[in-house]
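The structure appears right after this line, and notes come after that.
The values are calculated or read from the model by the stated rules, or taken from the named source; none is laboratory data. All values reported here derive from a predicted model rather than from experimental measurement. Here the Cβ is made from the backbone with ideal geometry for all residues, glycine too, and neighbour counts use every protein chain on show. The accessibility values were calculated without ligands, DNA or RNA, using every heavy atom of the protein model including side chains. Shrake-Rupley method; radii C 1.70, N 1.55, O 1.52, S 1.80 Å.
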Amino acid sequence: MRKPWNISIWLFAALGSLAPLWGQPRSQPVDYVDPNIGGIGQLLAATSPTVHLPYAMVGAAPLTTPGIRDRYLADKIHGFPAGPATLMAATGPLETVPSRYASEFDHDLETATPYYYSVLLEKYGIDADFTVGERSVYYRFAFPRQAARRLLWSVRGDAGLKLAGKNAVEGFQVDEGIRKYFYAEVSQPVVSSQVWQRSDGGRDVSGVAMEFEAQGEPVGVRVGVSLIGGEQARRNLAREIPDWNFDRLKTQARASWNRALGRIAVEGGSQDERTIFYTALYRSMARPVDITEEGRYYSGYDRKVHDAGGHAFYVDDDTWGNWRSLAPLQLILDPARRDDMLRSYVRMYEQSGSIPRAPGAGGDNLYMIGYDAASMIADAYAKGRREFELEKAYEGLKKRAMEGTNLPWRGGPLTALDRFYLEKGFYPALAKGETETVPEV
């Protein structure tokens, strides 16, 4: 599942990534988007060329060389996300260490869009591409002729992985304190398989290697994910990708993005200016993320599965950076969806006793200082939104502001610094050598 990124750096571009788009005809909003913009992080973390549907639970981007923060400059692909698992295609002798089976790649041999991605894994001569559903992803790997074709699956840490029949694999991995499940099927007969385990930096890694005949059609991989359970992951896959029609799913994903981006029609401007604008608009529809599955959702705030009651449940919201402009923009473009996002904050209060500062799937991420959820909810109220439970939202905001700490990356009750702030209106600077003990969460 997708991880947060910093939306404050959308417009810092890896300028070279615009070059392949210059001069190309573009007829629809999605054609202007270049997901590689932001791939060089001038200030904070770089963005990824993530393929996803607007506000969807699943997003996929190549997993590039660890340690290279500017993703556009990474020279190798180590795999692709399959929910919580990592998937990689390879040929030749079996390798289970990512640094050994990773492949070089070249942006000149890459296509990156919001709804589709393709790349050549140069080490093996494998053409890889993928597209997505709301809670699913569809990969294809075209291997060279007469090569020993192989797919490698792996999960790390507190995790499990197993074959689920001859042509399927399923498993889970604990992330953000919660279990994330996946179920996957392959399109070609598996002629042999091998289960393996190893240790990597003190963490256990479990894996499965699938072998296929040395020649044949591209190997398709359909993956469903869930926060509710393994059976729900199967159901999500069956509902969203019921067959092996890759082009239909790709067309549906493209249409979804054109509908979403088409809410703003641009007049005038150069090709490059439209590219920057629509790319930023695409980034604005990455979060918060809808984790509702068939009318239910798993909440990391009370560790229970709930009936959604007809309203989607959203997580992964970096409120500290979003309340100023992103939340107001979403309120203009999609007010009904924004109402459900606000309802989600109230539900989190009901389930945990606190309106979070930066809600993740597993709980409050406690990013930055202050309590920006109050500003975000007040802004929506000032603009006439009344569809969420205002009194309960106010109750939760007041409780957090008056009883909980707002120190950065901290949780728990008020500290002496918070009490000083409530009395004086600012946080003091501590004298040299003076410390304030702040409880950990």
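Please determine, in degrees from 0 to 90 and to the nearest 10, the orientation of helix 271-284 with respect to the longest principal axis defined by the Cα atoms of the chain, where the helix direction is its Cα long axis.
Rounded to the nearest ten degrees, it is 70.
Could you work out the Rg to Rh ratio of region 180-296, with Rh taken as the Kirkwood radius (inverse of the mean 1/r over all Cα pairs)? Each step should come with its number before you reach the end.
Working: Rg = 19.9 Å, Rh = 18.3 Å.
Here Rg/Rh amounts to 1.09.
Using the Cα gyration tensor of region 222-272, with a ≥ b ≥ c the square roots of its eigenvalues, what is the shape: rounded (a/c below 1.5), prolate (a/b larger than b/c) or oblate (neither)?
Prolate is the answer for region 222-272, as a/c is 1.5 or above and a/b outweighs b/c.
With an 8 Å cut-off on Cα pairs and a minimum separation of 6 or more residues, tell me the relative contact order of the chain in percent.
Working: 916 pairs, mean separation 54.4, N = 441.
Normalised by residue count, the contact order of the chain is 12 percent.
Quick one: net charge of ASP129's neighbours, Cβ under 12 Å, K/R +1, D/E -1?
On the way: positive: ARG140, LYS250; negative: GLU110, ASP127, ASP247.
Net charge around ASP129: -1.
Evaluate the relative contact order of region 181-282 (contact order divided by residue number), counting alpha-carbon pairs under 8 angstrom at least 6 apart; express in whole percent. Each step should come with its number before you reach the end.
On the way: 99 pairs, mean separation 25.4, N = 102.
25 percent.
Taking all protein chains in place and a 1.4 Å probe, what share, in percent, of the accessible surface of the chain do carbon and sulfur account for? Mind dumping the intermediate values first?
Numbers: 9860 of 19320 Å².
Solvent-exposed carbon and sulfur of the chain make up 51 percent of the total.
Treating the angle as unsigned and between 0 and 90°, give the value, to the nearest 10°, between the Cα long axis of helix 335-352 and the longest Cα principal axis of the chain.
Long axis of 335-352 versus the principal axis of the chain: about 70 degrees.
Within 10 Å, Cβ to Cβ, of PRO328, how many net charges do the neighbouring residues add up to if Lys/Arg are +1 and Asp/Glu are -1?
Details: positive: ARG324, ARG338, LYS383; negative: ASP379.
With Lys, Arg at +1 and Asp, Glu at -1, the neighbours total +2.
What accessible area per residue, rounded to a whole number of Å², is obtained for the chain using a probe radius of 1.4 Å?
Values: 19320 Å² over 441 residues.
On a per-residue basis, 44 Å².
Of LYS162/LYS304; LYS123/LYS166; LYS180/LYS398; LYS304/LYS424; LYS76/LYS304, which pairs sit farther than 31 Å apart, going by alpha carbon to alpha carbon?
LYS180/LYS398; LYS304/LYS424; LYS76/LYS304
Exposed loop sites here are chymotrypsin sites (Phe, Trp or Tyr not before Pro) in DSSP loop states with at most 12 other C-beta atoms within 10 Å. What is the longest stretch of the chain lacking them? Write down the numbers at each step before the final one.
Details: sites that count: TRP22, PHE426.
Counting only loop sites that pass the neighbour cut-off, the longest clear stretch is 23-425.
How tilted is helix 246-261 with respect to the longest principal axis of the chain? Cα atoms for both, answer in degrees (0 to 90, nearest 10).
30 degrees
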